[in-house]
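The values are calculated or read from the model by the stated rules, or taken from the named source; none is laboratory data. Note that the coordinates shown come from a computational prediction; the quantities given were computed from them, not determined experimentally. All Cβ positions, glycine included, derive from the backbone under ideal geometry; neighbour counts span all protein chains shown.
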Amino acid sequence: MRLNSFFLLVLFCLISPAVAQKRNITEKDLFNFVWVADPQVAPDGSAVAFVKVTVNEKKDGYNTSVWIVSTANGEARQLTNGIRDATPRWSPDGKYLVFVRATEKDGRPEPGQLFMLAMAGGESFQFTNLPRGAAQPQWSPDGKALAFLNGATAAELAKMKEKGGPTPSPSPSPKPEEPRESDVRVITRAVYRANGAGYLDSKHPQHIWVVSAPRNGDEKVNPRQLTSSRFDDGGVTWSRDSATIYFTSDQRDESYYELPKTDIYSITATGGQPTKLTSLDMGAGNFALSPNGKQLAFVGSANQPVNSYSQPDLWVMDIAPNAQPRNLTKDFDYDVSSGVGGDNTAPRGGGGNPLVWTADGRGIITVFAKEGKANVGEFDAASGKETDRTTGDHAIVSFRAAPDASKFVYLISTPTHIGDLFWLEQPGGNPKPLTHLNDELFAKLNLTEPEEIWYKSFDGKRVHAWIQKPPDFDPHKKYPLILNIHGGPHAAYGFVFDHEFQWMAARGYVVLYPNPRGSTSYGQDFGNIIQYHYPGDDYKDLMAGVDEVIKRGYIDTTKLGVTGGSGGGLLTNWTIGQTNRFAAAVSQRDIANWADWWYTADFTLFQSTWFKAPPFEDPEDYKARSPLTYIKNVKTPLMLILGEADYRTPPASGGEEMFRALKYRKIPTVMVRFPNESHELSRSGQPWHRIERLQHIVGWFDRWLMGVPKPEYEVTQ
């Protein structure tokens with residue numbers, strides 16, 4: 001099976017309607033983007049269910065609904081009419097589709113509940129009504145039951161029973177007045193909040209439930225709770241005979257102080273005490289049962305040696321007490337079950353990429369990232385040898401297979417297309433486009449492919465990068481340059497759609513986006529080389545990239561800009577403390593002081609991963625690698641883009657410190673704060689905020705690189 005990027009380009013050209021005049025992309029085109037997520041292949045391969053994501057009418061959020069597309073003729077139709085419908089899952093016989101629907105109350109989403117839709121026709125019906133909802137439904141192989149996760153406490157469940165049980169009530173009685181619940185938080189854990197999720201709730205661990213699968217709305221079913229420890233359960237996997245459920249549970253208090261570990265348990269579907277099968281000395285997930293039901297495949301990163309970056313590998317283990325896993329990809333030096341980053345993965349779409357066993361159990365199919373591309377490969381279940389299932393300059397964001405692994409659906413993104421579904425039915429055949437959700441809009445846009453380059457850094461290492469040029473690029477003219485730095489630091493840019501780069505280019509900028517050392521998809525050594533030296537030589541890689549583009553003769557060296565988010569924000573701050581070659585900088589969700597970040601971030605790095613010791617034991621290392629240490633060197637006008645609910649890189653350990661220090665030094669500085677936005681502002685923040693973010697970034701560069709008046713950025717009396 002081959003997916004060729006040239007073939008995809010030809011297909012897109014053929015299916016796109018002709019237009020007389022194209023225009024440049026704008027920041028507000030995001031309002032009209034349509035995203036595809038979580039594709040699910042019908043058991044007979046006749047159709048694919050998927051989640052369609054659109055911007056809502058108020059432009060302050062996203063709507064999700066479940067759609068279906070025929071694999072024979074590409075006809076698509078809407079299946080559900082909710083605004084927060086997601087997680088479609090086919091019954092094994094293909095006659096039913098279960099999904100999760102969350103409603104809204106007073107403008108806020110209520111916990112999602114399970115709904116069933118008969119594919120023969122009729123309206124969907126709700127069949128759970130549990131406190132705290134139902135998530136991640138999974139059909140048993142015999143189609144008689146579903147497993148799902150729920151975090152209700154015993155007290156909440158008891159109260160539910162008093163009100164009539166867990167089944168939906170068509171006419172709920174008025175609620176009695178509830179006693180006041182205190183909003184005061186008593187914090188006992190070092191990690192007590194998470195980016196995007198807010199304050200963590202250790203009182204409501206996720207447990208496994210099962211429920212009989214109803215066939216119509218009149219059939220009442222009662223969900224049963226299977227697990228009940230004070231720890232979260234997850235990684236649910238049914239046995240082939242539907243009698244047993246395998247799951248994972250980390251039953252350690254404050255395990256974030258220790259190296260990752262995964263304990264695998266089993267429990268009968270009728271209930272009883274869980275049995276621990278084995279313990280893995282690694283973080284593991286993405287479990288998939290072999291066709292004969294005797295092996296589990298999973299993805300995990302080894303704990304030893306302790307690295308800043310540990311490449312994810314594909315593992316297989318027997319289902320037996322104290323079984324030990326075998327690493328299939330120890331000699332495959334790329335990232336298994338991984339991808340490349342862009343700013344337009346479907347917001348709230350959900351999904352993922354489960355491992356797929358071939359029907360004979362001899363191979364395991366998954367996505368892997370290699371040199372800025374994401375493709376699908378098949379790994380021999382005995383030797384680990386990889387065979388490409390797809391090739392091309394693109395990113396396969398998601399894929400699914402029919403039960404016999406003979407037919408596949410791929411969600412593919414390229415630098416000029418957000419993402420659509422493609423269907424591959426015959427080995428070695430050509431993929432067939434199934435969806436065309438953005439064709440009408442994109443046919444009007446003058447988008448160009450970025451130029452791929454490789455260059456040598458100061459020590460001879462080859463660095464991969466892309467240059468996005470303006471649509472009307474003229475090599476004889478001089479252009480301003482924006483260096484755009486990715487976060488992570490263990491992440492990667494690549495052949496994937498990025499609205500930000502296309503829009504900056506449309507505004508007349510040349511955009512350079514490199515993958516410096518520390519980036520993923522280039523091997524274990526390239527990713528881990530920055531351990532205990534971040535930032536450092538990666539900065540030199542970035543400057544070498546700027547020099548490489550300047551050598552081409554079309555860059556105005558007096559008009560250089562630099563920006564980046566997260567780890568890229570850290571490197572932006574670092575860059576302007578090391579050099580004054582940039583005329584403007586925009587630092588997004590950044591880190592300024594490593595020690596302050598160590599004390600305030602939503603996750604811990606207490607192990608010897610990025611630092612060898614905590615800041616109170618080795619303060620000089622933290623100081624030497626903190627951009628704030630070099631604040632006296634900064635002369636570059638700086639804008640700071642901050643989410644006020646960002647717990648990953650809290651503003652108090654980043655932008656706020658840079659802002660106050662530079663204001664004191666009377667360096668032109670502006671802080672732009674986004675209410676209620678987390679670290680995910682650029683990818684899944686409120687649509688209006690995402691637009692305003694783009695406007696401010698380019699507005700700052702327009703002011704300092706183009707000389708455009710921007711009175712809103714001046715100090716007012």
Next item on the list: Please enumerate the residues belonging to segment 252-264 that are more than 24 Å from the chain's Cα centre (by Cα) and exposed (fewer than 15 other Cβ atoms within 10 Å of the Cβ).
Entry: Arg252, Asp253, Glu254, Tyr257, Glu258
Notebook entry, point to check: Taking Trp598 and the conditions (1) touching a helix residue (DSSP H, G or I) at 6+ places or on another chain (Cβ under 8 Å); (2) assigned to a loop (DSSP other than H, G, I, E, B); (3) surrounded by fewer than 20 Cβ atoms within 10 Å (Cβ to Cβ); (4) not charged (D, E, K, R), which numbered condition does it fall short on, given that it satisfies the others?
Noted result: (2)
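Could you look through segment 127-146, keep only residues that are touching a residue at least 60 places away in the same chain (Cβ under 8 Å) and assigned to a strand (DSSP E or B), and pick out the one that is farthest from the chain's Cα centre (by Cα)? Spell out the reasoning first.
Initially, segment 127-146 is screened for residues touching a residue at least 60 places away in the same chain (Cβ under 8 Å), giving 127-128, 130, 132, 134-136, 138-146.
Retained after the next criterion (residues that are assigned to a strand (DSSP E or B)): 135-136, 138-139, 145-146.
On the way: Ala135: 18, Gln136: 17, Gln138: 21, Trp139: 25, Ala145: 30, Leu146: 26 Å.
Looking at residues that are touching a residue at least 60 places away in the same chain (Cβ under 8 Å) and assigned to a strand (DSSP E or B), I get Ala145.
Give segment 518-552 a look and list any residue that's of a type in the set (D, E, K, R) and either surrounded by 19 or more Cβ atoms within 10 Å (Cβ to Cβ) or not in a loop (DSSP other than H, G, I, E, B) (or both), or say none. Full working, then the answer.
Keep residues of segment 518-552 that are of a type in the set (D, E, K, R), which gives 525, 537-538, 540-541, 547-548, 551-552.
Listed by number, the residues that qualify are Asp525, Asp537, Asp538, Lys540, Asp541, Asp547, Glu548.
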Notebook entry, point to check: For segment 604-635, how many residues meet the condition of being part of a helix (DSSP H, G or I), touching a residue at least 40 places away in the same chain (Cβ under 8 Å) and surrounded by fewer than 16 Cβ atoms within 10 Å (Cβ to Cβ)?
Noted result: 2
Next item on the list: For segment 263-282, indicate whether the set of residues that are in contact (Cβ under 8 Å) with a residue 12 or more places away in the chain and within 23 Å of Ala401 (Cα to Cα) is non-empty.
Entry: no
Checklist line | Within segment 461-483, considering residues that are in contact (Cβ under 8 Å) with a residue 40 or more places away in the chain, of a type outside the set (A, V, I, L, M, F, W, C) and part of a strand (DSSP E or B), the one nearest to Ser337 (Cα to Cα) | finding: His464
Item checked: Residues being under 19 Å from the mean Cα position of the chain (by Cα) and part of a loop (DSSP other than H, G, I, E, B) - total across segment 484-517 -> 13
Notebook entry, point to check: From the list Asp420, Asp333, Asp393, Asp404, which residue is among the acidic types (Asp, Glu), part of a loop (DSSP other than H, G, I, E, B) and under 30 Å from Pro471 (Cα atoms)?
Noted result: Asp393
Next item on the list: Working carefully through the options Tyr647, Tyr713, Tyr664, find the one that is in contact with a His (Cβ under 8 Å, 6 or more places away or on another chain) and either surrounded by fewer than 22 Cβ atoms within 10 Å (Cβ to Cβ) or aromatic (Phe, Trp, Tyr) (or both).
Entry: Tyr647
Next item on the list: Give the residue, chosen from Val340, Val306, that is part of a loop (DSSP other than H, G, I, E, B), in contact (Cβ under 8 Å) with a residue 24 or more places away in the chain and more than 18 Å from the chain's Cα centre (by Cα).
Entry: Val306
Margin query: Within segment 399-411, does at least one residue satisfy the condition of being in contact (Cβ under 8 Å) with a residue 24 or more places away in the chain and more than 23 Å from Gly94 (Cβ to Cβ)?
Written below: no
Next item on the list: Inspect segment 480-491 for any residue being touching a Pro at 6+ places or on another chain (Cβ under 7 Å) and surrounded by fewer than 22 Cβ atoms within 10 Å (Cβ to Cβ) and give the result as yes or no.
Entry: no
Notebook entry, point to check: What are the pairs, 6+ residues apart or on separate chains, where a residue within segment 418-444 that is on the phi > 0 side of the Ramachandran plot has its Cβ under 8 Å from a residue that is in a loop (DSSP other than H, G, I, E, B)?
Noted result: Gly419/Asn344; Gly419/Ala346; Gly419/Phe497; Gly428/Met1; Gly428/Arg2
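Please work out if Arg703 is under 15 Å from Asp590 (Cα atoms) and in contact (Cβ under 8 Å) with a residue 12 or more places away in the chain. Give the steps one after another, and end with the answer.
Details: under 15 Å from Asp590 (Cα atoms): no; in contact (Cβ under 8 Å) with a residue 12 or more places away in the chain: yes.
No.
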Next item on the list: Name the one entry in Thr557, Thr572 that is surrounded by fewer than 19 Cβ atoms within 10 Å (Cβ to Cβ), outside any loop (DSSP other than H, G, I, E, B) and β-branched (Val, Ile, Thr).
Entry: Thr557
Notebook entry, point to check: Are any residues in segment 636-658 closer than 14 Å to Asp596 by Cβ and not in a loop (DSSP other than H, G, I, E, B), and if so, which ones?
Noted result: Pro651, Ala652, Ser653, Gly655, Glu656, Glu657, Met658
Notebook entry, point to check: Looking at (1) touching a Ser or Thr at 6+ places or on another chain (Cβ under 8 Å); (2) part of a loop (DSSP other than H, G, I, E, B); (3) on the phi < 0 side of the Ramachandran plot; (4) not aromatic (Phe, Trp, Tyr), which is the one condition that is false for Ile208?
Noted result: (2)
Note to self: Here is a list: Arg230, Arg240, Arg189, Arg193. Which entry is basic (Lys, Arg), at pLDDT 95 or above and either over 19 Å from Pro111 (Cα atoms) or surrounded by fewer than 16 Cβ atoms within 10 Å (Cβ to Cβ) (or both)?
What the structure shows: Arg240
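Say whether the condition of being more than 30 Å from Met119 (Cα to Cα), modelled with pLDDT of 90 or more, among the polar types (S, T, N, Q) and not in a strand (DSSP E or B) is met by at least one residue in segment 216-227.
Yes, there is a match, as at least one residue in segment 216-227 is more than 30 Å from Met119 (Cα to Cα), modelled with pLDDT of 90 or more, among the polar types (S, T, N, Q) and not in a strand (DSSP E or B).
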Check: Is it the case that some residue within segment 527-548 is out of contact with any Leu (no Cβ under 7 Å at 6 or more places or on another chain), free of Cβ contacts under 8 Å to residues at least 40 places away in the same chain, under 16 Å from Val463 (Cα atoms) and not hydrophobic (A, V, I, L, M, F, W, C)?
Finding: yes
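Of all residues in segment 64-112 being among the hydrophobic types (A, V, I, L, M, F, W, C) and assigned to a loop (DSSP other than H, G, I, E, B), which is nearest to Pro141 (Cα to Cα)?
As a first pass, look at segment 64-112 and keep what is among the hydrophobic types (A, V, I, L, M, F, W, C): 66-69, 72, 76, 79, 83, 86, 90, 97-100, 102.
Filter once more, so that each one left must be assigned to a loop (DSSP other than H, G, I, E, B): 72, 79, 83, 102.
Working: Ala72: 26, Leu79: 24, Ile83: 30, Ala102: 26 Å.
Ranking the candidates gives Leu79 first.
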Next item on the list: Being closer than 30 Å to Phe526 by Cβ, of a type in the set (Gly, Ala, Ser) and either within 21 Å of the chain's Cα centre (by Cα) or part of a loop (DSSP other than H, G, I, E, B) (or both) is the filter here, so list the residues in segment 266-303 that pass it.
Entry: Gly283, Ala284, Gly285, Ala288, Gly300, Ser301
Notebook entry, point to check: Pairs under 9 Å by beta carbon, first residue among the hydroxyl-bearing types (Ser, Thr, Tyr) in segment 315-328, partner surrounded by fewer than 15 Cβ atoms within 10 Å (Cβ to Cβ) and part of a loop (DSSP other than H, G, I, E, B), six or more apart or different chains?
Noted result: none
